[in-house]
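As structure tokens, the structure follows; a few thoughts come after it.
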Amino acid sequence: MIKPIGKKTNQGSISKKVLASLKKANNQKVINFADIKEAGRHAEEMNKSVISKKNMEKYDPLHAIYIYAQNQMSIIVEQISDLHELSKLANAYEQAEDLYMPSGPPMSPLTKSYFTCWGFFDLCIGLQKETFGTVAIDLCKFLNVDKELIQVFECMQKSRMGVYRHKGVYEKYVILEDVVTRQEITTVVPSGYLGKADQIWFARILPEPFPDLNAGYSVVFTTPYVLSEMQDGRLVNGTEEKWRLFFERTIPKTGIKDEIRAFETLMKYGRNRHYWNEFIFEGYVNHQYDMIFLAGFPDIPLSRPHSSESQKRESY
């Protein structure tokens with residue numbers, strides 16, 4: 001179960017401003033309310049169009065739910081991103097898009113699935129850490145969009161990247177264990193990569209959004225990043241021990257006393273806005289169609305092959 005980060009709050013200050021503006025602009029062409037309502041019509045529509053027998057053959061049903069929700073969130077974000085109240089978020093997203101060119105290797109190690117989740121649910125502004133996701137959820141509640149779709153949105157908003165130890169494969173499932181919380185999670189990996197025991201993965205895992213699904217597993221929503229190290233010019237598997245040491249020296253720097261909350265905050269927001277984006281960008285080593293190799297650690301620049309420090313050393 002993924003828990004909310006921080007205390008549960010009501011609408012953030014930006015959401016309040018957005019809703020106030022939209023109430024005034026309801027009859028103006030500032031935002032297309034019909035498109036937003038269309039994006040979240042009914043859960044029954046989701047079941048009919050996305051989880052049909054035909055689509056079941058193409059997608060895992062749990063993955064299909066999140067694909068549908070991600071597409072609907074994209075429609076809503078497109079509608080609200082031009083609002084003045086969201087200009088800082090929109091500008092930050094556009095700048096990051098220009099900087100990292102997310103498309104997956106070979107152009108960029110930041111995949112579209114990773115970057116979109118980061119941009120919608122982790123990229124934040126203000127003391128209340130508001131995101132496109134939190135504002136969209138508040139807007140959907142205001143417009144009485146289907147509650148089950150909002151519930152899926154909330155699961156995505158609460159999610160974060162994580163570092164996991166691969167504990168083996170059972171039938172079509174990959175068993176992953178969070179290296180800090182020790183939570184063991186049974187997952188499906190839509191990219192098709194099953195990996196090997198004791199690998200260290202960097203990924204975003206999304207849970208069952210509805211209790212009555214009874215799926216019994218979660219979905220690795222992003223293409224798996226397999227964490228490694230460079231030793232004497234060779235790529236070797238990363239180890240749980242070294243990643244635990246990284247967290248031991250980094251978690252206290254968050255200034256949050258509760259260790260688990262500090263860890264989850266670090267994984268969701270990093271120590272700065274582009275903390276995890278830079279790690280991926282500078283740590284890229286190699287890839288295949290269903291996974292990506294990264295090397296190094298976020299706090300050791302020379303461990304990452306494409307960091308400025310590593311490039312300077314190679315130039316000597």
Next item on the list: Can you grab the distance from the C-alpha centre of the range 244-316 to the C-alpha centre of the range 208-231, Å, no decimals?
Entry: 20
Next item on the list: Show the residues, 5+ positions off or on another chain, whose built amide H is closer than 5 Å to the amide H of GLY104.
Entry: LEU110, THR111, LYS112
Next item on the list: Using a cut-off of 11 Å between beta-carbons, work out the net charge of the residues near CYS124 (Lys and Arg +1, Asp and Glu -1, CYS124 not included).
Entry: +2
Margin query: If N is the number of residues in the range 161-315, what value comes out of its Cα radius of gyration divided by 2.2 N^0.38 Å?
Written below: 1.06
Check: Considering only the other residues whose Cβ falls under 12 Å of the Cβ of LYS242, what net charge follows from Lys and Arg at +1 and Asp and Glu at -1?
Finding: -2
Next item on the list: Arrange the peptides 223-232, 13-22 so that the one whose residues have, on average, the most other Cβ atoms within 10 Å appears first.
Entry: 223-232, 13-22
Note to self: Could you work out how much longer the chain between ARG271 and ASN144 gets when fully extended? Use 0.36 nm per residue separation minus the Cα distance between them, nm to one decimal.
What the structure shows: 42.1 nm
Note to self: Over all directions, how big on average is the projection of the convex hull of the alpha-carbon atoms in the chain, in square nanometres?
What the structure shows: 17.1
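Quick note: the coordinates plus some simple rules give every number you see, no bench work behind them. Quick caveat, the model's predicted, so the values are computed rather than measured. Cβ atoms come from the backbone with ideal geometry, glycine included; neighbour counts cover every protein chain shown.
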